[in-house]
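S.K.: One structure coming up, written as structure tokens, with questions to follow.
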Amino acid sequence: MAVTHAIAVRRRLPNERPIRWLIADQWTYPDPVRRFLVAPVMRFVIGRIARVYDFLTIAPAALGDTRSYERASSIRRVLEAARLAVTEGWPLGLAPEGGDSQDGTMMRPPAGAGRFMLLIAKTDLLFLPVGVFTEEGVLVTRFGDTFGLTAPPGLPKGEVDDWATAQVMRRIACLVPPSLRGVYGDGC
């Protein structure tokens, strides 16, 4: 909400479309009890929230191949939304980590996040890194510079995902205090 508000305040264009967020269509749980009891309820709740606020949803990569058709379909929807965002000039938001760490520090996004962001980048949508944190009881949103994302030529296919993820996450890490940078603490 803080990022959405900060972007809206800075853009101040009449009749413009607000940021459209991309969210996972359900939470994933490692234990079978929550996976079978809580996950379906949360999927319903998240779906309802997404419809009310016009969020884009995507099947989480953590589900593996169990919903591969839905995941592929949702990726196509996201890419179409990214193309539309480029042509119409509105922002598309996503949180690459897809969750929170136990200690509040940055963590690695799930496998495939980097490849997914490269797909989005092929639509010519630029990335705007944002760090959100509290400092002395005040919520802070700190924005970096926009950037494009293109894998370097000759990068081995097996390294593309990690490379792209690191490019995005290091830019975000530089916007938060060193104590919150977690696994990306050495990138600034």
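The values are calculated or read from the model by the stated rules, or taken from the named source; none is laboratory data. Treat the numbers as computed from the prediction; the structure is a model and nothing was measured. All Cβ positions, glycine included, derive from the backbone under ideal geometry; neighbour counts span all protein chains shown.
S.K.: The conditions are (1) charged (D, E, K, R); (2) surrounded by 14 or more Cβ atoms within 10 Å (Cβ to Cβ); (3) within 13 Å of the chain's Cα centre (by Cα), and residue 67 fails exactly one of them. Which is it?
M.R.: Unmet for residue 67, out of (1) charged (D, E, K, R); (2) surrounded by 14 or more Cβ atoms within 10 Å (Cβ to Cβ); (3) within 13 Å of the chain's Cα centre (by Cα): (3).
S.K.: Can you name the residue in region 12-52 that is closer than 22 Å to residue 72 by Cα and part of a loop (DSSP other than H, G, I, E, B) and is also modelled with the highest pLDDT among such residues?
M.R.: Among residues in region 12-52 that are closer than 22 Å to residue 72 by Cα and part of a loop (DSSP other than H, G, I, E, B), the one modelled with the highest pLDDT is 25.
S.K.: Ok, one more. So which residues in region 80-135 are part of a helix (DSSP H, G or I), over 24 Å from residue 156 (Cα atoms) and without any contact (Cβ under 8 Å) to a residue 60 or more places away in the chain?
M.R.: The answer is 80, 82, 83, 84, 86, 87.
S.K.: Can you tell me which residue within region 123-158, out of those that are among the charged types (D, E, K, R) and within 27 Å of residue 178 (Cβ to Cβ), is surrounded by the most Cβ atoms within 10 Å (Cβ to Cβ)?
M.R.: Looking at the filtered set, the residue picked out is 142.
S.K.: Could you say which residue among 96, 129 is at pLDDT 90 or above, touching a Phe, Trp or Tyr at 6+ places or on another chain (Cβ under 9 Å) and either among the hydroxyl-bearing types (Ser, Thr, Tyr) or closer than 20 Å to residue 171 by Cα (or both)?
M.R.: After applying the criteria, what remains is 129.
S.K.: Tell me, yes or no, whether region 139-149 has at least one residue that is part of a helix (DSSP H, G or I), under 24 Å from residue 10 (Cα atoms) and touching a helix residue (DSSP H, G or I) at 6+ places or on another chain (Cβ under 6 Å).
M.R.: No - not one qualifying residue is present in region 139-149.
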